[in-house]
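All remarks here apply to the structure that follows.
Since every read-out is calculated from the coordinates, none of them should be taken as a lab result. These figures come from a predicted structure and were not determined experimentally. Here the Cβ positions follow ideal geometry from the backbone for every residue, glycine too, while neighbour counts run over all protein chains shown.
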Amino acid sequence: MPLIEGRLADIDGVRRAQIRIDDGVITAVGPDLGVADHAFNDDCLIFAGMGDIHIHARDDVSGKETYKETFDTAAEAALHGGVVHVADMPNNPIAPIDDATYAGKELHLLARRLPIVFTLYAGIGPGTRPLTRDIPYKAYMGPSVGDLFFRSLEQLEEALAHYRGRAVSFHCEDPLLLEANKQQPTHEQRRPPECELSATRFALAMIEKYDLTGKLCHYSVGEGLPLIRDAKRRGVRVTAEVTPHHVFFDTAQITDANRGAMQMNPPLRSPADRTAMLEALRDGTCDYLATDHAPHTLAEKEKGVSGQPHLDTYGPFVTWLLSQDFTPERIAAICSANPGTFVAPYQSDKFGRLLPGYVGSLTVLDLKTPTTIRREDLKTKCGWSPFEGVTFPGSVKAVFLRGMQAT
Ligand SMILES: [Zn+2]
């Protein structure tokens, strides 16, 4: 029954107090519960364990992509970054799209006995149907991944009609507009903002029409934010993720030397989009810091494979957000409470708040000890970070998993 003491940061405020954890679960929170086993000074903030609800661990029964990452290395990278639970995307060589393929991936996952908790998405593709279990779904619109994409929005609607009432996350890029722009000279021009805008209108219409609990993944276009605000105002059940790369980098920073590393889908946007997305994450238009951790090797990046690894750097990046006028309460919302709410239907542990009944997993950030990102410190198997050489203002001081100090 460890007793942990320090400045607790939750969605309703920051206060110095103690947390008692029994059998892995928070049983009491208060100013004076006893003599603390772990006490953190006022340079630190203790958050409910942070969650990254959009990652690609690349691991499945086929093992075809485990040269990039495995469940084990993704879990190590997550812990290194202060992340205690993740949700893994379904674009695997053997994509989990029905009960059998989903159970196969889950058995493979559970055999690893990982320190952190994984939630697995199932894919929606042409002709798929919902599983018998309640799990979250991912719909890819554009040609990102093998068989899991639709050639037209009509074809996607045909599939979505079967998923009424389910939780569906959308990768918003209109496949027809991608096709129309494929001769453009740069990656960013081949996937212009209109692709995401058009797909946003479609996704919001589908969420409303089929009563989905919708989520827009890695949102990147400032012009689309009024559509999200308006939908939320009308009571549409929609939330949105924002990645570290879309609020830290923009097209003005792309050079010939970093072009490969800076390629992802959707691509980097303009400086105006970058600042609009930062504000949207701060003001509540968007709901989650979710990384889209996409571990590809540097050799693949040079050949034009899209995506960046971000799990190792999650916590240090959060300290940068705190330096950008994000309050600790807002960080608690986008990194802990909202990801906890997202996975709640699928997990027995309750993640995301510093309250009795929630799991005793904690992320402790030190706001005064800077971190410089160095390749040799990374745990991700792909072995690189777009933040190498960047110094963030703070660091991950400790991670507790069910009351036990893990780092
Ligand atoms: Zn993704």
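Quick one: what are the phi-derived ³J(HN,Hα) couplings along the stretch 171-177, Karplus 6.51/-1.76/1.60 with θ = phi - 60°, whole Hz, x for glycine and proline?
Per residue, the Karplus-derived 3J(HN,Hα) values read 8, 8, 9, 5, x, 6, 6 Hz.
Cα-based Rg (one decimal) and Dmax (whole number) for the stretch 27-171, in Å?
18.8, 62
Which of the peptides 59-70, 164-175, 329-340 is most tightly packed, and how do the rest follow, judged by the mean count of other Cβ atoms within 10 Å per residue?
The packing order, highest mean first, is 329-340, 164-175, 59-70.
Can you compute the modelled spin-label distance between Q184 and R201, with each label point 7 Å from Cα toward Cβ, in nm?
Simple spin-label model gives 1.7 nm for this pair.
Counting pairs of alpha carbon atoms under 8 Å apart in space and at least six apart in sequence, what relative contact order in percent does the stretch 161-280 give?
Computed value for the stretch 161-280: 28 percent relative contact order.
Going highest first, how would you order 121-129, 27-35, 281-289 by mean Cβ packing within 10 Å?
Listed from highest to lowest mean packing, they are 281-289, 121-129, 27-35.
From the P(r) of the stretch 201-358, could you give the percentage of C-alpha pairs in the tail past 21 Å?
51 percent
Short version: ³J(HN,Hα) in whole Hz for each residue of the stretch 40-57, in order, from phi by Karplus 6.51 cos²θ - 1.76 cosθ + 1.60 (θ = phi - 60°), x for Gly and Pro, what are they?
The phi angles translate into 10, 6, 6, 6, 9, 10, 9, 10, 4, x, 7, x, 10, 8, 8, 9, 10, 7 Hz.
Among bridges DSSP assigns within the chain, what percent are antiparallel (round to 5)?
If I count the DSSP bridges inside the chain, around 50 percent turn out antiparallel.
So what's the back-of-envelope 222 nm ellipticity for the chain, counting only DSSP H runs of four-plus at -39500 (n - 2.57) apiece and dividing by all residues, rounded to 500?
-7500 deg cm²/dmol
Do any of K182/K379; K232/K301; K105/K303; K182/K303 go past 26 Å between their Cα atoms, and which?
K182/K379; K232/K301; K105/K303
Please list, short to long, the whole-number percent of alpha-carbon pairs of the chain in consecutive 20 angstrom bins beginning at zero.
Here the calculated profile for the chain is 29, 60, 11, 0.
Using alpha carbon coordinates only, what is the Rg to Rh ratio of the stretch 216-294, with Rh defined as the Kirkwood radius?
1.00
Using a Förster radius of 41 Å, what is the FRET efficiency between A299 and A39 based on their Cβ-Cβ separation? Nearest 0.05, please. Each step should come with its number before you reach the end.
Numbers: r = 46 Å, r/R0 = 1.12.
The computed FRET efficiency comes out at 0.35.
Using the Karplus curve 6.51 cos²θ - 1.76 cosθ + 1.60 with θ = phi - 60°, work out ³J(HN,Hα) for each residue of the stretch 365-378 in order, rounded to whole Hz, and write x for Gly and Pro.
Result, rounded to whole Hz: 9, 9, 7, 10, 10, x, 10, 9, 6, 10, 4, 5, 8, 6.
How many percent of the alpha carbon pairs in the stretch 141-226 exceed a separation of 17 Å?
When every Cα pair of the stretch 141-226 is considered, 46 percent fall beyond 17 Å.
With an 8 Å Cα cut-off and a minimum separation of 6 or more residues, compute the relative contact order for the chain in percent.
22 percent
Find how many whole Å separate the alpha carbon centroid of the stretch 79-127 from the alpha carbon centroid of the stretch 365-407.
Cα centroid of the stretch 365-407 versus Cα centroid of the stretch 79-127: 24 Å apart.
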